[in-house]
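This report concerns only the one structure given below.
The values are calculated or read from the model by the stated rules, or taken from the named source; none is laboratory data. For clarity, every value in this text was computed on a predicted model and none was experimentally measured. Methodologically, a virtual Cβ is constructed for each residue, glycine included, from the backbone with ideal geometry; neighbour enumeration extends over all protein chains shown. All accessible areas refer to the heavy atoms of the entire protein, side chains included, with ligands and DNA or RNA removed. Shrake-Rupley method; radii C 1.70, N 1.55, O 1.52, S 1.80 Å.
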Amino acid sequence: MSSLIARTLRRLAETLRRPPWLARRLVEVTRLVPGRSLRSKLYLVFSWPLSEDLRTRFRARTVAGPMLVDPQTMMGRVLTVSGEWEPHVTAAFLGRLAAGDVCVDVGAHIGYYTLLAAGAVGPAGSVYALEPSARVFETLTTNLALNECDNVSALRLAAGSEAGAAVLFEAPGPSPLTSSLSPRMLEAPHGGRAQEFVPKQVSVAPLDGVVPADVHARVRVVKIDVEGYEVEVLRGMERLLSTGGPIAVFVETSPEWANEDPAAFLTDLCRRHGLSPYVVQNDYSLDGYFPQRLLPPVPVTTIPAERRDLMLVRDGR
């Protein structure tokens, strides 16, 4: 795409974005363009500027199904434009699920991965979705109802190493992505200033108890996105991992917010449970949200010390 065409499309988008009702009707047009490479360029120069003034929550079409999203959040705006969140992770996640499987979504947020899993496992499978924030959980259940998901158990609950209660530091905004049970989040907050994070007491339970024991052997995917609390979640699923069957654990590590070194913990976890680590590309930039091609997970021999999206696999499909 020439720079002249790109500038022209950007100017057109800036003109059409007002009024918002027109922008909302036009923003999904780019999705009809064949070829991911060309679509990604058009998302950047046309659809993204077009979505600038969208303010109110609305029902967007996504690859996971219709979802109530807030276009003022990064996730909501990306879903408004392309209908796809974290494309590389999405592809790897779906590649690990089949009809009849069981999936666990820890930190389900508004339900994007929960809905993807519900569609992939079908009526013979099941999904357990955990989201401790009351206001985010409300949107999660709304999105599940929009998609008539009868195979999902939604729980307003945090996963951890032991049953009890903990403090969730809830980020500002209607659907925050960076709430955390780790107080270290407040030392280097993302998504707001430290004083804007509101402490809320929430219930905590280990996944070994949340997921019924007779289902453990059917769990094929566990996705963990808990902003620094991932080690505690993994400690609470030892029995689930000990079944010996094929499984993929998707986990985003946040060492800057963790209470202990995630890399050292995950290295030991992989050794004990026969898991092979992969890095999944997930670039938090517009180029990363709208990639021109999908990149497969890359096997690694050493768990990275820095923030990464990982896939830990046993008996890969």
Margin query: Before I look further, what does the chain give for accessible area per residue, probe 1.4 Å, in whole square angstrom?
Written below: 43 Å²
Check: Could you give the angle, 0 to 90 degrees to the nearest 10, between helix 3-16's Cα long axis and the longest principal axis of the Cα atoms of the chain?
Finding: 90 degrees
Next item on the list: Express as a percent, rounded to the nearest 5, the fraction of DSSP beta bridges in the stretch 22-166 (both residues included) that run antiparallel.
Entry: 35 percent
Margin query: Just to check I understand the Karplus step: with θ = phi - 60° and J = 6.51 cos²θ - 1.76 cosθ + 1.60, what whole-Hz values come out for the stretch 226-240, glycine and proline as x?
Written below: 10, 6, x, 9, 5, 4, 4, 4, 5, 5, x, 10, 4, 5, 5
Item checked: Neighbourhood net charge (13 Å Cβ-Cβ; Lys/Arg +1, Asp/Glu -1) for ALA163 -> -2
Margin query: Given a 10 angstrom Cα cut-off, can you work out which residue in LEU241, LEU12, LEU115 is the most mobile in a GNM of the chain?
Written below: LEU12
Notebook entry, point to check: Between LEU4 and GLU260, 0.36 nm times their residue separation minus their Cα-Cα distance comes to what?
Noted result: 87.1 nm
Next item on the list: Multiply the residue gap between VAL300 and ARG31 by 0.36 nm, knock off their C-alpha separation, and tell me the result in nm, one decimal place.
Entry: 93.4 nm
Margin query: Test of understanding: in a Gaussian network model of the chain with alpha carbons linked when under 10 Å, which of LEU79, LEU97, LEU44 would top the mean-square fluctuation ranking?
Written below: LEU44
Notebook entry, point to check: Counting only residues 5 or more places away or on other chains, whose amide H sits under 5 Å from the amide H of ASP105 once H atoms are built in the peptide plane?
Noted result: TYR128, ALA129, LEU130, LYS223
Checklist line | Reciprocal of mean inverse Cα separation for the chain (Kirkwood radius, Å) | finding: 20.2 Å
Note to self: Which residue fluctuates most in the GNM of the chain (Cα springs below 10 Å): ALA154, ALA129, ALA194?
What the structure shows: ALA194
Item checked: 14 Å beta-carbon shell around PRO123, net charge (K/R +1, D/E -1) -> -3
Check: For GLU138, what charge total do you get from the other residues with a beta carbon under 11 Å from its beta carbon, if Lys and Arg give +1 and Asp and Glu give -1?
Finding: +1
Margin query: Out of the total accessible area of the chain (probe 1.4 Å, heavy atoms of protein only), what percent is carbon and sulfur?
Written below: 54 percent
Note to self: Suppose the chain between TRP21 and THR56 were pulled fully straight at 0.36 nm per residue; how much longer would it get relative to their current alpha carbon spacing?
What the structure shows: 11.5 nm
Notebook entry, point to check: Counting only residues 5 or more places away or on other chains, whose amide H sits under 5 Å from the amide H of GLY160 once H atoms are built in the peptide plane?
Noted result: ALA205, LEU207
Check: For the chain, what is the percent of antiparallel DSSP beta bridges, rounded to the nearest 5?
Finding: 55 percent
